[in-house]
Each structure stands twice: as structure tokens, then as C-alpha cells.
1. For the chain, what mean projected area does the convex hull of the alpha carbons give, in nm²?
2. What residue among GLU46, GLU83, GLU58 shows peak mean-square fluctuation when the chain is described by a Gaussian network model with Cα springs under 10 Å?
3. How tilted is helix 16-69 with respect to the longest principal axis of the chain? Cα atoms for both, answer in degrees (0 to 90, nearest 10).
4. Among ILE26, TYR71, ASN98, flag the residue with its Cα farthest along the positive direction of the charge dipole of the chain, charges on Cβ as +1 for Lys/Arg and -1 for Asp/Glu.
5. Taking the Cα centre as origin and putting +1 on Lys and Arg beta-carbons and -1 on Asp and Glu beta-carbons, what dipole magnitude results for region 17-84, to the nearest 20 debye?
6. If I stretch the segment between ARG51 and ASN75 completely, what's the gain in nm (0.36 nm per residue apart, minus their alpha carbon distance), one decimal?
7. Quick check: the angle from helix 74-84's long axis to the longest principal axis of the chain, C-alpha only, nearest 10 degrees?
8. Suppose only helical runs count, i.e. DSSP H with n ≥ 4. What mean residue ellipticity at 222 nm does that imply for the chain under -39500 (n - 2.57) per run, divided by all residues and rounded to the nearest 500 deg cm²/dmol?
Amino acid sequence: MKEKRKGKVVLRASSPVLKILVIVLILFSTATLVALSWVHGAIQAETEEMRGEAAALEHANEDLQGKIDNYDAVNSVRQIAREELGLVDPDDILIDVNPAE
């Protein structure tokens, strides 16, 4: 049967190169964490902006879906033609008060 050794942890003096290497690694790690937090903040801001755009597009889609649902009615088609396309009903008489010269 093996005997367990009881020992002490002994810290030895390390070389200056090892100390410099550890300091460089700590500085590099710190710089990397700062850069990552900056990128994370930028990504969060862009995500919020895109969420706002998505909400606006969803609202526009709902409006368009409402118009599509109302296309059955002749009056709604006439209203859309009048408001968005500038068309007039064939039975209407158009009087231009400011004729182009």
C-alpha cells in the first residue's frame, strides 16, 4: 500500500520573463474584455433599432392587410384610386382651377 505524502506548497521565485509574460497576458485579456463589451453594446443598440423598424413594418403590414380585406367593396377601391393614384371616376367632371401654362 502506498503512503500518502503530506507536503507544503512551496512558492519559488520565478524568472522575470515569466512575470512579464503573465503581465502581458493579463493586459491582453483586459483589453479583449473591454473590446468585447464595446462590441456587445453596439450590437445591443443595433438590435433595438432593428426591433423598432420591425414594429413599424408590422404596423404597416397590418394597415395593408386591412386594405386588402376591404378590396371587396367597390367604394374602397374607388377611394384608394382617388387618394393614392389621383384617379377620378369616369362620371365625375374634373375642373382644374390652376391650369399649367
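1. Details: hull surface 87.6 nm².
Directional mean of the projected Cα hull area for the chain stands at 21.9 nm².
2. Comparing GLU46, GLU83, GLU58 in the GNM, the peak value goes to GLU83.
3. Compared with the principal axis, the helix lies near 20 degrees.
4. ILE26
5. Details: 5 positive and 11 negative charges, 112 e Å.
I would put it at about 540 debye.
6. Working: separation 24, 0.36 × 24 = 8.64 nm, distance 3.58 nm.
That pair, ARG51 and ASN75, stretches by 5.1 nm at full extension.
7. Value to nearest ten degrees: 70.
8. Details: 2 runs with 65 residues, N = 101.
For the chain, the value works out to -23500 deg cm²/dmol.
All of the numbers you see were taken from the coordinates with simple rules; none came from a lab. This is a predicted model, so every value here is computed, not measured. Here Cβ is always computed from backbone atoms with ideal geometry, including for glycine, and neighbour counts include all displayed protein chains.
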